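A short write-up of the structure that comes next.
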Number of protein chains: 4
Amino acid sequence: MAQNKREAILKAAMELFGELGYDGTTMPMIADRAKVGAGTIYRYFENKETLVNLLFQDCVVTFSEVLQHGLPQNNQDLQEQFHHLFSRMVEFARNKASALNFIDSHANSHILDDTSKSIFNDFMDHIRSYLENGKKYNIIIDMPSDALISIVYGAFSYLYRLIRNGQLKETPELLQNVEECCWKAISKSSEN
Amino acid sequence: MAQNKREAILKAAMELFGELGYDGTTMPMIADRAKVGAGTIYRYFENKETLVNLLFQDCVVTFSEVLQHGLPQNNQDLQEQFHHLFSRMVEFARNKASALNFIDSHANSHILDDTSKSIFNDFMDHIRSYLENGKKYNIIIDMPSDALISIVYGAFSYLYRLIRNGQLKETPELLQNVEECCWKAISKSSEN
Amino acid sequence: MAQNKREAILKAAMELFGELGYDGTTMPMIADRAKVGAGTIYRYFENKETLVNLLFQDCVVTFSEVLQHGLPQNNQDLQEQFHHLFSRMVEFARNKASALNFIDSHANSHILDDTSKSIFNDFMDHIRSYLENGKKYNIIIDMPSDALISIVYGAFSYLYRLIRNGQLKETPELLQNVEECCWKAISKSSEN
Amino acid sequence: MAQNKREAILKAAMELFGELGYDGTTMPMIADRAKVGAGTIYRYFENKETLVNLLFQDCVVTFSEVLQHGLPQNNQDLQEQFHHLFSRMVEFARNKASALNFIDSHANSHILDDTSKSIFNDFMDHIRSYLENGKKYNIIIDMPSDALISIVYGAFSYLYRLIRNGQLKETPELLQNVEECCWKAISKSSEN
DNA sequence: CATGAATGAGACTTCATTCAT
DNA sequence: AATGAATGAAGTCTCATTCAT
């Protein structure tokens with residue numbers, strides 16, 4: 001039951017931070033949604049800032065693990081690797097919708113501490129290293145990795161924001177199309 | 001001098017809201033940065049919520065005008081129109097960096113009122129109608145416009161976030177590359 | 001202890017509102033006198049306006065109950081009933097001096113909500129119905145009840161204002177005299 | 001035009017203080033109603049406190065003068081003198097309704113300075129001296145003058161509060177009746 | 001003289017955090 | 001361990017007062 005409460009708090013905080021932002025969310029709101037007393041939060045987390053940072057790190061690490069899971073290690077078929085990455089991102093967006101929302105809405109937040117920033121950077125490094133590899137093999141166009149990330153991750157992030165809003169309906173077809181668009185965007189156009 | 005203060009308040013608010021978010025920004029912070037007394041803000045704006053909404057509407061309308069300005073009206077060359085749109089977005093991102101930051105960080109905020117949402121929607125409609133047209137002429141791939149927007153605007157938005165962060169350096173070359181990527185992403189790949 | 005604080009807040013508020021008026025009393029003043037933190041007031045009362053209205057209703061209901069308590073129900077001896085009413089008013093003025101002060105100083109206040117006004121009206125209706133009865137039995141002179149109330153309640157209210165000020169000393173003799181004066185004022189003078 | 005503004009300010013302040021109380025009235029409210037700039041008030045009155053005190057003194061002096069005007073000086077017919085006093089009070093209540101309201105709602109206010117209190121006392125002394133005289137001649141019953149004042153002035157004050165509220169309609173008949181009641185209340189009952 | 005824009009002290013109120021139960 | 005009543009620092013906003021025009 002103890003870890004139960006911790007999890008409930010993290011879940012409630014994740015949802016609320018995602019909806020209202022860190023500063024727009026109050027500790028009583030979190031306690032209410034987690035169905036615990038306000039004081040209980042402080043048995044598990046030092047304070048609000050610690051909570052948000054631990055949560056952020058948690059979410060990013062999970063995202064990272066999802067991305068790593070079963071990544072084909074042969075560096076040859078980069079489009080297959082891309083497909084894997086994109087599929088994993090979609091998987092995470094689906095299964096952990098509020099985690100993705102929370103990450104994206106707080107990745108540039110002023111409350112992130114160095115650990116959080118560093119873990120987020122490590123996470124992005126995974127994607128960067130994939131892209132670097134693709135550039136090395138002349139499959140992915142030669143641009144700063146962060147620019148490529150903007151295109152792929154920016155699109156992905158915005159896409160799921162619209163899906164959450166209900167502006168877009170998440171269909172396999174849509175996802176496949178967006179993946180193709182992103183691949184077209186960053187890969188050398190030679191495929192015919 | 002009177003409009004002077006109003007402008008100073010709007011500028012300070014735009015910057016701070018962009019940096020710290022609506023809830024993370026306090027009225028005294030705004031007053032300090034605008035170099036006015038705290039009470040002065042309330043001579044020009046009813047309250048914090050009104051301020052952020054007027055500001056948001058202001059920024060979106062300006063962005064919209066920048067996009068409209070000199071848009072080629074011949075519907076023939078859609079890539080040229082795309083170039084125009086993208087260039088205007090870049091122009092806005094450059095000249096009004098903090099306006100773009102503010103818009104992007106608050107476009108989904110819980111504090112936007114109906115007017116703000118509606119104006120933002122109108123703004124997106126300009127882009128949507130361009131995309132619809134492109135689909136009609138079989139130049140742009142057949143996907144929901146909002147999905148296409150995710151790709152182009154999502155990429156653009158994320159790109160300038162990284163540029164503001166200093167993670168990416170804004171060079172003409174970079175911008176041209178990203179524009180090409182986006183065009184490749186959404187246009188029928190037949191160009192040869 | 002919980003109701004303790006609520007009571008302490010109500011008591012402090014009653015005294016201060018009576019002394020300084022609603023607008024002249026600040027929440028910190030109330031908190032100080034009640035020996036609670038400023039925020040504590042808001043655990044018990046939604047806001048200052050709610051507080052003053054609940055308090056007003058409380059005081060009026062108590063006053064009303066005091067007046068009702070043990071009222072002789074035989075409609076025959078109206079002077080005896082008058083004596084009862086006046087005695088009860090005096091009892092209230094003595095035991096709940098600051099409640100009376102608060103009521104009288106806020107009965108026409110712009111901050112009273114409809115419930116408060118309605119409860120105060122109900123209270124006055126008790127006195128009115130007594131007077132109506134007296135007029136029916138030809139014991140009390142034929143004047144609008146509110147005019148009779150002005151004479152009796154107006155005198156009573158002013159009297160205790162002077163007593164609180166220290167301008168008058170409250171003695172049994174004084175009270176008996178005033179009661180007689182009021183009775184003489186409103187009763188048909190024929191009794192001999 | 002200069003004294004014009006001063007008068008306009010005093011009139012506006014008198015009305016607003018009467019309606020909303022000293023602390024419930026703001027200087028901009030007064031300026032608005034007086035149709036002068038907010039700063040203009042400070043050309044005529046040092047500050048809000050000075051304004052309310054000068055105003056109070058003004059009103060009380062005027063009331064006093066009205067009462068004195070044409071007072072029959074023969075000490076013989078005390079009921080006639082009473083009639084005169086009561087009539088004058090009524091005259092003031094009619095012609096200077098908001099002045100009476102202001103006086104009565106601020107006579108016990110915490111913002112009155114010593115001068116104001118002293119002037120109000122002088123005013124009451126006029127009534128007191130009349131009553132003392134009446135007691136000396138054995139026409140008015142032997143009670144502390146302030147108790148007699150409670151009865152007469154308290155009734156009068158409350159009566160006009162109800163008239164202002166619209167709860168009572170001011171008719172010559174009503175006024176005559178109330179006067180008689182008051183006279184009955186305080187005079188030796190020998191008149192038949 | 002008159003104004004009203006500007007100010008900042010201080011009001012009401014919220015909320016992160018503590019602590020007695 | 002869990003709670004939620006209590007707190008007071010800090011936020012939003014008002015308003016008496018000043019001063020440049």
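Could you check, for the range D:175-189, whether at least one of its residues is in contact with a Gly (Cβ under 9 Å, 6 or more places away or on another chain), at the interface with another protein chain (Cβ under 7 Å from one of its Cβ atoms) and either over 15 Å from D:LEU85 (Cα atoms) or modelled with pLDDT of 95 or more (or both)? Within the range D:175-189, one or more residues are in contact with a Gly (Cβ under 9 Å, 6 or more places away or on another chain), at the interface with another protein chain (Cβ under 7 Å from one of its Cβ atoms) and either over 15 Å from D:LEU85 (Cα atoms) or modelled with pLDDT of 95 or more (or both). Within the range A:52-96, being within 14 Å of chain B (Cβ to nearest Cβ) and more than 15 Å from A:LYS117 (Cβ to Cβ) holds for A:PHE82, A:PHE86, A:MET89, A:VAL90, A:ALA93. The condition (being out of contact with any strand residue (DSSP E or B) (no Cβ under 9 Å at 6 or more places or on another chain) and away from DNA strand E (no atom under 16 Å from the Cβ)) is satisfied by just one residue among D:LEU100, D:LEU78: D:LEU100.
Take the conditions among the small types (Gly, Ala, Ser) and more than 10 Å from every other protein chain (Cβ to nearest Cβ) and apply them to D:SER145. Does it pass? Spelling it out, it is not the case that D:SER145 is among the small types (Gly, Ala, Ser) and more than 10 Å from every other protein chain (Cβ to nearest Cβ).
Scanning the range A:26-43 turns up at least one residue that is out of contact with any Ser or Thr (no Cβ under 6 Å at 6 or more places or on another chain) and aromatic (Phe, Trp, Tyr). Pick from the range A:148-174 the residues that are surrounded by fewer than 18 Cβ atoms within 10 Å (Cβ to Cβ) and over 20 Å from A:SER87 (Cβ atoms): which of them is nearest to the other protein chains (Cβ to nearest Cβ)? This residue is A:GLN167. Scan the range D:12-56 residue by residue and report those that are within 15 Å of DNA strand E (Cβ to nearest atom), within 19 Å of D:ILE103 (Cα to Cα) and among the acidic types (Asp, Glu). Passing the criteria: D:ASP23, D:GLU49.
Regarding B:ASP142, is this residue within 15 Å of the chain's Cα centre (by Cα) and farther than 20 Å from A:ALA107 by Cβ? Steps first, please.
Numbers: within 15 Å of the chain's Cα centre (by Cα): no; farther than 20 Å from A:ALA107 by Cβ: yes.
No.
Take C:VAL61 and tell me if it is aliphatic (A, V, I, L, M) and over 22 Å from C:SER187 (Cβ atoms). Step through it out loud before you land on a result.
Working: aliphatic (A, V, I, L, M): yes; over 22 Å from C:SER187 (Cβ atoms): yes.
Considered against the rule, which asks whether it is aliphatic (A, V, I, L, M) and over 22 Å from C:SER187 (Cβ atoms), C:VAL61 comes out as yes.
In summary, A:GLN68 fulfils each of the numbered conditions (1) away from DNA strand F (no atom under 16 Å from the Cβ); (2) at pLDDT 95 or above with the single exception of condition (2). Determine whether C:LEU148 is of a type in the set (A, V, I, L, M, F, W, C), within 17 Å of D:ALA147 (Cβ to Cβ) and modelled with pLDDT of 95 or more. No; evaluated as a whole, the condition is false for this residue.
Consider D:ASP58 carefully, then state whether it is modelled with pLDDT of 95 or more, under 20 Å from the mean Cα position of the chain (by Cα) and part of a helix (DSSP H, G or I). Let's see the steps before the verdict.
Details: modelled with pLDDT of 95 or more: yes; under 20 Å from the mean Cα position of the chain (by Cα): yes; part of a helix (DSSP H, G or I): yes.
So D:ASP58 passes the test.
Check the range A:21-34 and report whether any residue there is within 18 Å of the chain's Cα centre (by Cα) and either at pLDDT below 95 or not small (Gly, Ala, Ser) (or both). So far as the range A:21-34 goes, yes, one or more of its residues are within 18 Å of the chain's Cα centre (by Cα) and either at pLDDT below 95 or not small (Gly, Ala, Ser) (or both). For the range A:2-18, indicate whether the set of residues that are touching a Cys at 6+ places or on another chain (Cβ under 7 Å) and either within 14 Å of chain B (Cβ to nearest Cβ) or of a type in the set (Asp, Glu) (or both) is non-empty. Within the range A:2-18, none of the residues are touching a Cys at 6+ places or on another chain (Cβ under 7 Å) and either within 14 Å of chain B (Cβ to nearest Cβ) or of a type in the set (Asp, Glu) (or both).
When you scan the range A:107-117, do you find a residue that is modelled with pLDDT of 95 or more, within 15 Å of the chain's Cα centre (by Cα), among the hydroxyl-bearing types (Ser, Thr, Tyr) and closer than 24 Å to B:ARG161 by Cβ, even just one? Checked against the condition, which is being modelled with pLDDT of 95 or more, within 15 Å of the chain's Cα centre (by Cα), among the hydroxyl-bearing types (Ser, Thr, Tyr) and closer than 24 Å to B:ARG161 by Cβ, the range A:107-117 yields at least one hit. Any idea which of (1) touching an Asp or Glu at 6+ places or on another chain (Cβ under 8 Å); (2) within 12 Å of A:ILE151 (Cβ to Cβ) is the one B:ARG161 doesn't satisfy? Here B:ARG161 meets the rest and fails (2).
Yes/no per residue for (1) surrounded by fewer than 18 Cβ atoms within 10 Å (Cβ to Cβ); (2) of a type in the set (D, E, K, R); (3) part of a helix (DSSP H, G or I):
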residue: D:LYS11; (1), (2), (3): yes, yes, yes
residue: D:PHE17; (1), (2), (3): no, no, yes
residue: D:GLY24; (1), (2), (3): yes, no, no
residue: D:ASP32; (1), (2), (3): yes, yes, yes
residue: D:THR40; (1), (2), (3): yes, no, yes
residue: D:ARG43; (1), (2), (3): yes, yes, yes
residue: D:ASN53; (1), (2), (3): no, no, yes
residue: D:PHE63; (1), (2), (3): no, no, yes
residue: D:GLY70; (1), (2), (3): yes, no, no
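Of the candidates B:ALA31, B:ALA13, B:ALA93, the single residue that is within 14 Å of DNA strand F (Cβ to nearest atom), in contact (Cβ under 8 Å) with a residue 40 or more places away in the chain and among the small types (Gly, Ala, Ser) is B:ALA13.
Against the test of being in contact with a Cys (Cβ under 7 Å, 6 or more places away or on another chain) and either at pLDDT below 95 or assigned by TED's automatic domain parsing to the domain that holds D:PHE156 (or both), the options D:ALA93, D:ALA99 yield a single qualifying residue, D:ALA99.
Taking the stated definitions as given, is B:ILE9 touching a helix residue (DSSP H, G or I) at 6+ places or on another chain (Cβ under 8 Å), within 11 Å of DNA strand E (Cβ to nearest atom) and of a type in the set (Val, Ile, Thr)? Against the criterion (touching a helix residue (DSSP H, G or I) at 6+ places or on another chain (Cβ under 8 Å), within 11 Å of DNA strand E (Cβ to nearest atom) and of a type in the set (Val, Ile, Thr)), B:ILE9 qualifies. Looking across the range D:98-124, just one residue is hydrophobic (A, V, I, L, M, F, W, C) and either surrounded by fewer than 16 Cβ atoms within 10 Å (Cβ to Cβ) or farther than 24 Å from D:LYS11 by Cβ (or both), and that is D:MET124.
The values are calculated or read from the model by the stated rules, or taken from the named source; none is laboratory data. Owing to the predicted nature of the structure, the values given are computational and were not obtained by experimental measurement. For neighbour counting, all protein chains shown are included, and Cβ atoms are generated from backbone atoms with ideal geometry for every residue, glycine included.
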